Amino acid sequence: MPRFFLNIREGKKLIPDEEGIDAPDLTATRQHALQDIREILAERIRAGEALDGSLLEITDAKGRKLDSIPFRDVIRLGGPEPPVLTTREREVLTWFGRGKSTEDVAQILGLSPATISFHYDRAAEKLETGNRTQTVAEAIRRGEIEL
């Protein structure tokens with residue numbers, strides 16, 4: 001199993017990971033790194049320290065940088081969740097929420113009904129819903145669309 005190192009960079013200062021971790025791949029290492037960052041941030045919050053500017057750099061055994069994760073990207077500090085849907089998916093759901101059919105929306109947007117169905121299916125999958133009404137309601141609940 002390959003060995004990865006999770007080094008912390010604070011500005012120009014590098015705090016090297018002397019031990020490293022064994023992980024099957026970069027994806028597993030990234031998940032481990034995210035958990036480590038959360039723990040470091042929790043300690044810093046308890047200590048009243050600043051949270052800005054730090055990165056965690058993932059390197060391989062040869063010291064090659066494979067990935068970097070800014071600490072600020074790991075936690076949300078309030079505010080709405082970022083949008084999940086594309087602009088087109090939101091547009092399609094808005095028209096559905098206004099009572100338009102697939103064919104109506106296709107004509108309004110100048111697209112084919114198959115394309116409208118594609119965008120609806122992607123939105124329903126992302127929102128984990130089972131039908132059109134649930135999908136529109138969930139998009140409204142999440143603040144993705146307004147009617």
Across the stretch 4-22, which residue is surrounded by the most Cβ atoms within 10 Å (Cβ to Cβ) among those that are more than 22 Å from the chain's Cα centre (by Cα), closer than 12 Å to D67 by Cβ and among the hydrophobic types (A, V, I, L, M, F, W, C)?
-> F4
Hits in the stretch 87-120 (condition: in contact with an Asp or Glu (Cβ under 8 Å, 6 or more places away or on another chain) and of a type in the set (K, R)) | R90
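Going by the conditions given, is E144 charged (D, E, K, R) and in contact (Cβ under 8 Å) with a residue 12 or more places away in the chain? Spell out the reasoning first.
On the way: charged (D, E, K, R): yes; in contact (Cβ under 8 Å) with a residue 12 or more places away in the chain: yes.
Taking the combined requirement at face value, the residue satisfies it.
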Could you give me the residue pairs with C-beta distances under 6 Å whose first residue belongs to the stretch 82-98 and is farther than 12 Å from R142 by Cβ, whose second residue is modelled with pLDDT under 95 and not in a helix (DSSP H, G or I) wherever it lies, and which are 6+ apart or on separate chains?
-> T94/I145; G97/L147
Every residue from the stretch 121-147 that is outside any loop (DSSP other than H, G, I, E, B) and crowded, with 20+ Cβ neighbours inside 10 Å | A123, A124, L127, T135, V136, A139
Looking at the stretch 43-63, is at least one residue within 30 Å of R141 (Cβ to Cβ) and either of a type in the set (V, I, T) or at pLDDT 90 or above (or both)?
-> yes
Which pairs do you get when a residue that is touching a residue at least 24 places away in the same chain (Cβ under 8 Å), found in the stretch 121-137, comes within reach of a residue that is polar (S, T, N, Q), reach meaning Cβ atoms under 7 angstrom, with the pair 6+ apart or on two chains?
-> A123/T135; L127/T135; T135/T129
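Return the residues of the stretch 89-112 that are among the hydrophobic types (A, V, I, L, M, F, W, C) and assigned to a helix (DSSP H, G or I); say none if nothing qualifies.
So in the stretch 89-112, the residues among the hydrophobic types (A, V, I, L, M, F, W, C) come out as 92-93, 95-96, 105-106, 108-109, 111.
Residues satisfying the conditions are V92, L93, W95, F96, V105, A106, I108, L109.
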For T115, are the conditions met, namely being in a helix (DSSP H, G or I), polar (S, T, N, Q) and either modelled with pLDDT under 95 or in contact with a helix residue (DSSP H, G or I) (Cβ under 8 Å, 6 or more places away or on another chain) (or both)?
-> yes
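How many residues does the stretch 103-115 contain that are buried (at least 18 other Cβ atoms within 10 Å of the Cβ) and within 19 Å of E146 (Cα to Cα)?
The number of residues fulfilling the criteria is 1.
The values are calculated or read from the model by the stated rules, or taken from the named source; none is laboratory data. Please read all numbers here as calculations on a predicted model, not as lab measurements. For neighbour counting, all protein chains shown are included, and Cβ atoms are generated from backbone atoms with ideal geometry for every residue, glycine included.
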